[in-house]
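Structure first, then comments.
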Amino acid sequence: MATSHTAPRRRSSGLRMAIGLGALAEVVVYVLVVSWIGLGWTILATLATTVLGWALLARQGTKALGELRMRAEEHRAPGRALGDAGLVALGGLLMVLPGFLGDLLGLLCLLPVTRALPRALIARGLLRRLPDALRGPVYVRSTRTETVTGPDQPFRAGPATRGEHPVIEGEVAAERTDP
């Protein structure tokens, strides 16, 4: 019984350790920058990166939310746009907080060109934590049945109510083939 409660504790203590080491690294880098260019210039650089973070957050956040809104209006799944919005929010938070290492990580999340790297790292970490049954492709067996006809005016509820569409009944097969 004790082993079932230790795994969440290890994860949370690992997260606390990572946050603590990150904060320590930020302080060390800040002190190094102060010794290199002086306190006044370091404070000015910190303020400049905060302003840059707000500007990038406003620009990229508007784009990400616009993409999400467009997908919602078209009744499409949010897909990568939702992940991008989350990365933009994280990047903006990291850029606004004082510290040069956080600014670098924030830029990776905010800029569309470099956003693929944190997206891949996060996806890899999440996949590692998923049980084997939830990983990989899902195979679906389907059976076509009779065609369903709808009213003359299409509803906005979904594709099965828009005119004549075949109804597909099926079940998810839990079988998985490993490469």
Check R16, R71, R76 and return the single one that is closer than 30 Å to R135 by Cα, among the charged types (D, E, K, R) and not in a helix (DSSP H, G or I).
R76
R119 being within 30 Å of V27 (Cβ to Cβ), touching a residue at least 12 places away in the same chain (Cβ under 8 Å) and part of a helix (DSSP H, G or I):
yes
Determine, yes or no, whether R115 is among the charged types (D, E, K, R), open to solvent by less than 100 Å² (accessible area, probe 1.4 Å) and modelled with pLDDT under 85.
no
What's the number of the condition V88 fails, among (1) in a helix (DSSP H, G or I); (2) at pLDDT below 90; (3) open to solvent by less than 90 Å² (accessible area, probe 1.4 Å)?
(2)
List pairs: first in the range 69-94 and at positive phi, second open to solvent by 80 Å² or more (accessible area, probe 1.4 Å), Cβ under 9 Å, 6+ apart or cross-chain?
H75/R156; H75/P159
State all residues of the range 54-76 that are out of contact with any helix residue (DSSP H, G or I) (no Cβ under 7 Å at 6 or more places or on another chain), open to solvent by 50 Å² or more (accessible area, probe 1.4 Å) and of a type outside the set (V, I, T); if no residue qualifies, say none.
A55, A58, R59, K63, R69, M70, A72, E73, E74, H75, R76
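The values are calculated or read from the model by the stated rules, or taken from the named source; none is laboratory data. All values derive from a computational prediction rather than experimental measurement. Reconstructed Cβ throughout: ideal geometry from the backbone, glycine too, with neighbour counts over all protein chains shown. Ligands, DNA and RNA are stripped out before the accessible areas are found, and what is left, the full protein with its side chains, is counted by its heavy atoms. Shrake-Rupley method; radii C 1.70, N 1.55, O 1.52, S 1.80 Å.
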